[in-house]
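Trainee: Before I ask anything, let me first share the structure, which is written out below as structure tokens.
The values are calculated or read from the model by the stated rules, or taken from the named source; none is laboratory data. In this text, all values refer to a predicted model and were calculated from it rather than measured experimentally. Counting neighbours? That spans all protein chains shown, and the Cβs are built from the backbone with ideal geometry, glycine included.
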Amino acid sequence: MKEKIIESKVIIALILVTVILAMTVIGARIGIEKNNKTYDIVLDYAEIEKMAEQKYSVKEWLSEFKKIGITKVGLQEENIMTLMEDSDLPVTGEVMGNVMENAKWREELPETFLRMVESKGGFDRFDVLVTAGNRTATDFLYDGITNRIDRDRYVAYVSDDGATGYFWLDGTSDTTLYSEKYKYMNSTNGGFIERIDIVGSKIMYISLGLLEEKVDLIQDLGMEIVPRTLAYNGWNGEKYANAVLDEYEKYDIDPEYIIVGGEAVIGYDDGIDFAKDYIIDNDVTIGLIENTTQLQNIMQYGVSEVAVASDFDTVRVFSVWNYIQYRYQYYGYEGSKEIENTLFRAVTERNVRVIYFKPFLELKDLHTYVTDMEEYELMFDNLEKRLEKHGFTFGSASVMANYSVNKFVQMGIAIGAALGAVLILRSLFPMGKMSTLIVSVLAVLTVPAAYFVMPNTAILITSFTSAVVFACLAVIFFTECSCSAADSLGMNASVFKIILGGLITLAGSVLIALIGGMMTAAPISSTSFMLEIDIFRGVKLSQLLPLAFFLVLFVAYYGFVDEKKREHYLEWYDIRELLNLEIRVWMILCVGVIGLVGAYYIMRTGHDSSIEVSSVEMLFRNKLEEVLVARPRTKEVLFAFPAVMVMFYCAVRRLKLFTLIFGLAGTIGMTSVINTFMHIRTPLYLGFARTGYSLLGGAFLGVVAVLILEVLYQIYVRFFGRYV
């Protein structure tokens with residue numbers, strides 16, 4: 001091992017220089033994260049309104065939440081659907097395809113209104129017909145439609161007494177909403193005919209304005225309105241945007257945040273300038289709603305462009321989706337503990353700074369709200385105390401400073417990854433000084449070429465390559481240490497010497513993986529990545545490649561069947577032995593088991609995992625989150641890190657098959673450390689703490705595992721003789 005290090009000292013020195021470059025970025029990012037420590041809470045008015053149908057009034061509920069410090073309320077502008085379903089106004093809206101099923105539909109409409117529609121091309125099944133049954137409803141719809149929608153796309157008819165209104169909105173096939181395809185079945189359960197029904201229209205969700213009584217209710221309580229406007233492409237020009245802002249001005253609404261709804265920022269049909277100018281001129285912060293899978297954001301049209309133009313005056317918003325609302329008394333907790341845990345993780349781990357809060361729903365009755373205010377007070381109090389331990393305070397949401405990683409620093413890190421790849425080649429093949437020099441120069445030259453030809457993609461490739469390369473370097477380290485120890489210590493070495501060597505090997509390999517995490521994170525530590533406007537992809541592939549590499553490395557160091565002819569290098573002889581191998585049933589079984597474990601490992605990775613974590617494991621994780629700065633990764637502390645020490649033990653004791661198996665498990669630990677830092681939205685201090693806890697716990701369990709194996713090994717030797 002010493003010889004290889006000496007031969008590669010120049011390459012290693014150059015890599016260390018690039019690591020220093022990466023650390024300058026890491027230091028800057030830590031400073032940014034330290035200054036981004038204030039979170040806010042916004043209540044959803046619509047959900048409070050529904051809860052008030054069960055107990056108390058909307059005013060009483062808002063007053064109760066204000067008492068515990070929540071002063072902002074998200075109020076969605078009304079649309080045809082909300083007027084029908086959630087208001088007392090007599091409004092009916094329907095897609096014409098459904099209206100036309102009534103043979104006498106024309107007789108129910110005023111002749112004048114019919115003529116007005118015919119003059120604009122007449123009715124078709126994609127249009128929307130809206131009827132208002134009193135003056136208040138008629139006035140609201142008339143103002144909303146005429147002020148926001150282009151004249152050639154609607155007809156508005158009001159009766160002479162103003163008490164009834166009829167409105168036609170010109171729909172198209174792409175504004176229409178359809179049901180999923182379904183079948184009519186005959187009496188023998190055979191399919192008769194497939195159907196797709198018209199069930200609505202996007203037009204019915206276009207925001208038409210705020211209801212005055214709702215605005216007055218919120219403002220009279222001294223609470224702030226965070227307006228929610230739903231804008232849809234094709235119906236979202238400057239006329240629409242101007243009407244929205246006129247509504248804000250009418251009610252003296254000066255929003256601190258704008259949380260975009262629908263398909264786009266306001267005015268997007270005519271470009272982003274309208275939204276951009278309003279947001280910049282009025283110092284409004286854009287809210288990016290995190291996706292339901294807790295990955296990325298719901299990026300409506302124009303949001304990313306406006307975010308960039310506003311110098312990233314942007315915060316991530318966690319909406320309490322309905323599946324989160326149902327987590328009351330979840331996992332056996334008595335109250336809302338699991339919802340509290342979810343909000344805690346959103347703020348601490350995912351750069352969320354605004355919680356868009358909706359009340360709890362009963363787990364066993366999905367339509368019943370929890371109306372015990374003490375439950376809400378207790379949860380928010382506990383949440384605030386837990387977040388204070390991480391330096392967070394409750395108030396107006398802090399905005400992350402705009403930071404962009406220097407292009408030359410990114411290129412320097414890429415050079416470090418390229419040189420690391422040269423070390424990987426040297427670990428597999430005998431390379432002289434000249435061949436090493438040529439390969440190194442070629443590897444380095446690919447970097448400026450890549451950044452010139454495809455600069456944005458090159459950044460992602462830099463992070464991906466760093467993740468794979470440094471995981472492989474960590475694997476080389478613990479494999480080399482294990483193999484060298486087998487030669488230097490001898491198979492009868494004291495178990496305590498083996499434990500000491502295993503601990504050093506584990507610590508060294510984790511350190512290399514940790515450096516890899518920094519090299520992976522640094523190139524993509526720009527604000528756009530930390531806010532998940534831009535996304536790093538390739539996480540699962542970066543975890544699979546080192547596993548494949550370990551198998552090749554194992555053959556290079558240990559041979560396939562017979563002993564190695566030339567130590568620590570991959571030879572043609574090794575490949576020939578593999579190709580000529582006589583496959584046995586036990587080998588197929590081993591490969592199958594390893595494949596299943598690998599598949600399970602990959603499926604368990606990430607928020608969109610198809611494998612659900614058990615309740616027992618979740619309770620254990622939650623407890624660790626409460627008592628530690630960060631929860632160690634389960635696979636590292638219980639499985640992968642102890643496996644590195646067990647591999648070291650098996651290598652010394654000449655247990656070749658087990659060396660292979662536990663080496664694969666240890667490789668998972670190296671990729672896991674780097675994977676921790678691929679989650680760019682997660683503050684770095686959590687990654688360092690998580691890895692530190694995993695190392696301590698894994699080392700302890702590794703010692704225990706080695707001692708148990710030593711007892712079993714000695715028993716076997718006593719009764720059956722040597723294992724090998």
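Trainee: Select from the stretch 250-288 the residues that are β-branched (Val, Ile, Thr) and surrounded by fewer than 19 Cβ atoms within 10 Å (Cβ to Cβ) and write down the one among them that is farthest from Gln300 (Cα to Cα).
Mentor: Step by step, filter the stretch 250-288, then rank; the result is Ile253.
Trainee: If you don't mind, another one. Among the residues of the stretch 169-178, is there at least one that is within 18 Å of Asn236 (Cα to Cα), of a type in the set (Gly, Ala, Ser) and surrounded by fewer than 18 Cβ atoms within 10 Å (Cβ to Cβ)?
Mentor: Checked against the condition, which is being within 18 Å of Asn236 (Cα to Cα), of a type in the set (Gly, Ala, Ser) and surrounded by fewer than 18 Cβ atoms within 10 Å (Cβ to Cβ), the stretch 169-178 yields at least one hit.
Trainee: While we're on this one: What is the number of the single condition among (1) among the charged types (D, E, K, R); (2) assigned by TED's automatic domain parsing to the domain that holds Tyr166; (3) not in a loop (DSSP other than H, G, I, E, B) that Lys50 does not meet?
Mentor: (2)
Trainee: Within the stretch 334-341, can one find any residue that is in contact with a helix residue (DSSP H, G or I) (Cβ under 7 Å, 6 or more places away or on another chain), free of Cβ contacts under 8 Å to residues at least 60 places away in the same chain and acidic (Asp, Glu)?
Mentor: So far as the stretch 334-341 goes, yes, one or more of its residues are in contact with a helix residue (DSSP H, G or I) (Cβ under 7 Å, 6 or more places away or on another chain), free of Cβ contacts under 8 Å to residues at least 60 places away in the same chain and acidic (Asp, Glu).
Trainee: Report every pair of residues separated by at least 6 positions or lying on different chains whose Cβ atoms are under 9 Å apart, first residue within the stretch 46-71 and within 21 Å of Glu384 (Cβ to Cβ), second surrounded by 15 or more Cβ atoms within 10 Å (Cβ to Cβ) and among the small types (Gly, Ala, Ser).
Mentor: Note: pairs meeting the criteria are Trp61/Ala52.
Trainee: Quick check on Phe496: is it under 30 Å from the mean Cα position of the chain (by Cα), in the same structural domain as Ile459 (by TED's automatic domain parsing) and modelled with pLDDT of 90 or more?
Mentor: So Phe496 fails the test.
Trainee: Restricting attention to the stretch 138-158, which residues are more than 18 Å from Gly267 (Cα to Cα), touching a strand residue (DSSP E or B) at 6+ places or on another chain (Cβ under 6 Å) and not hydroxyl-bearing (Ser, Thr, Tyr)?
Mentor: Across the stretch 138-158, the qualifying residues are Leu141, Val155, Ala156, Val158.
Trainee: Taking only pairs six or more apart or across chains, which ones have beta-carbon atoms under 6 Å, a first residue in the stretch 421-439 that is in the same structural domain as Val475 (by TED's automatic domain parsing) and over 20 Å from Thr18 (Cα atoms), and a second residue that is aromatic (Phe, Trp, Tyr) and surrounded by fewer than 18 Cβ atoms within 10 Å (Cβ to Cβ)?
Mentor: Pro430/Tyr569
Trainee: Shifting gears a bit: In the stretch 634-652, how many are surrounded by fewer than 24 Cβ atoms within 10 Å (Cβ to Cβ) and charged (D, E, K, R)?
Mentor: Counting residues in the stretch 634-652 that are surrounded by fewer than 24 Cβ atoms within 10 Å (Cβ to Cβ) and charged (D, E, K, R) gives 1.
Trainee: Also, I was wondering about something else. Looking at the stretch 298-350 only, could you name the residues that are over 23 Å from Glu532 (Cα atoms) and among the polar types (S, T, N, Q)?
Mentor: Within the stretch 298-350, Gln325, Gln329, Ser336 qualify.
Trainee: To continue, here is another question. Can you name every residue in the stretch 32-47 that is aromatic (Phe, Trp, Tyr) and either under 21 Å from the mean Cα position of the chain (by Cα) or in the same structural domain as Thr527 (by TED's automatic domain parsing) (or both)?
Mentor: Matches in the stretch 32-47: Tyr39 only.
Trainee: Touching a residue at least 40 places away in the same chain (Cβ under 8 Å) and not in a helix (DSSP H, G or I) - does that describe any residue in the stretch 492-513?
Mentor: Yes, there is a match, as at least one residue in the stretch 492-513 is touching a residue at least 40 places away in the same chain (Cβ under 8 Å) and not in a helix (DSSP H, G or I).
Trainee: Are any of the residues in the stretch 510-525 under 23 Å from Ala699 (Cα atoms) and at pLDDT below 95?
Mentor: No: zero hits.
Trainee: So in the stretch 616-665, with the set limited to residues that are outside any helix (DSSP H, G or I) and over 27 Å from Ile339 (Cβ atoms), which one is nearest to the chain's Cα centre (by Cα)?
Mentor: Leu655
Trainee: Of the residues Glu249, Glu238, Glu194, which is without any contact (Cβ under 8 Å) to a residue 12 or more places away in the chain, over 26 Å from Ile324 (Cβ atoms) and not β-branched (Val, Ile, Thr)?
Mentor: Criteria check complete, one pass: Glu249.
Trainee: Right, here's the next one. Hey, does the stretch 85-92 have a residue that's within 30 Å of Arg125 (Cα to Cα), out of contact with any Cys (no Cβ under 6 Å at 6 or more places or on another chain), surrounded by 15 or more Cβ atoms within 10 Å (Cβ to Cβ) and touching a residue at least 60 places away in the same chain (Cβ under 8 Å)?
Mentor: yes
Trainee: Of the residues that sit in the stretch 101-129 and are assigned to a loop (DSSP other than H, G, I, E, B) and among the charged types (D, E, K, R), which one is surrounded by the fewest Cβ atoms within 10 Å (Cβ to Cβ)?
Mentor: The selected residue is Lys104.
Trainee: Further, regarding this structure: Just give me the residues in the stretch 441-486 being under 14 Å from Gly412 (Cα atoms) and of a type in the set (S, T, N, Q), in sequence order.
Mentor: Passing the criteria: Thr446, Thr462, Ser463, Thr465, Ser466.
Trainee: When you look at Thr682, is it closer than 30 Å to His390 by Cβ, at pLDDT below 95 and in a helix (DSSP H, G or I), yes or no?
Mentor: For Thr682, the condition - closer than 30 Å to His390 by Cβ, at pLDDT below 95 and in a helix (DSSP H, G or I) - is not met.
Conditions (1) modelled with pLDDT of 95 or more; (2) more than 30 Å from Lys250 (Cα to Cα); (3) under 35 Å from the mean Cα position of the chain (by Cα), marked per residue:
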{"residue": "Val158", "(1), (2), (3)": "yes, no, no"}
{"residue": "Lys181", "(1), (2), (3)": "no, yes, yes"}
{"residue": "Arg195", "(1), (2), (3)": "no, yes, no"}
{"residue": "Asp216", "(1), (2), (3)": "yes, no, no"}
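Trainee: Sticking with this structure for a sec: Checking the conditions here, which among Leu62, Leu21 is in the same structural domain as Trp321 (by TED's automatic domain parsing) and buried (at least 19 other Cβ atoms within 10 Å of the Cβ)?
Mentor: Leu62
Trainee: Whether any residue in the stretch 130-141 is part of a loop (DSSP other than H, G, I, E, B), among the aromatic types (Phe, Trp, Tyr) and in contact with a helix residue (DSSP H, G or I) (Cβ under 8 Å, 6 or more places away or on another chain) is what I want to check.
Mentor: The answer is no; no qualifying residue exists.
Trainee: Of the residues that make up the stretch 698-705, is at least one surrounded by fewer than 24 Cβ atoms within 10 Å (Cβ to Cβ), within 20 Å of Leu544 (Cα to Cα), free of Cβ contacts under 8 Å to residues at least 60 places away in the same chain and more than 23 Å from the chain's Cα centre (by Cα)?
Mentor: Checking the stretch 698-705: not a single residue is surrounded by fewer than 24 Cβ atoms within 10 Å (Cβ to Cβ), within 20 Å of Leu544 (Cα to Cα), free of Cβ contacts under 8 Å to residues at least 60 places away in the same chain and more than 23 Å from the chain's Cα centre (by Cα).
Trainee: Against the condition modelled with pLDDT under 90 and either more than 20 Å from Met519 (Cβ to Cβ) or surrounded by fewer than 18 Cβ atoms within 10 Å (Cβ to Cβ) (or both), how does Phe720 come out, does it pass?
Mentor: So Phe720 passes the test.
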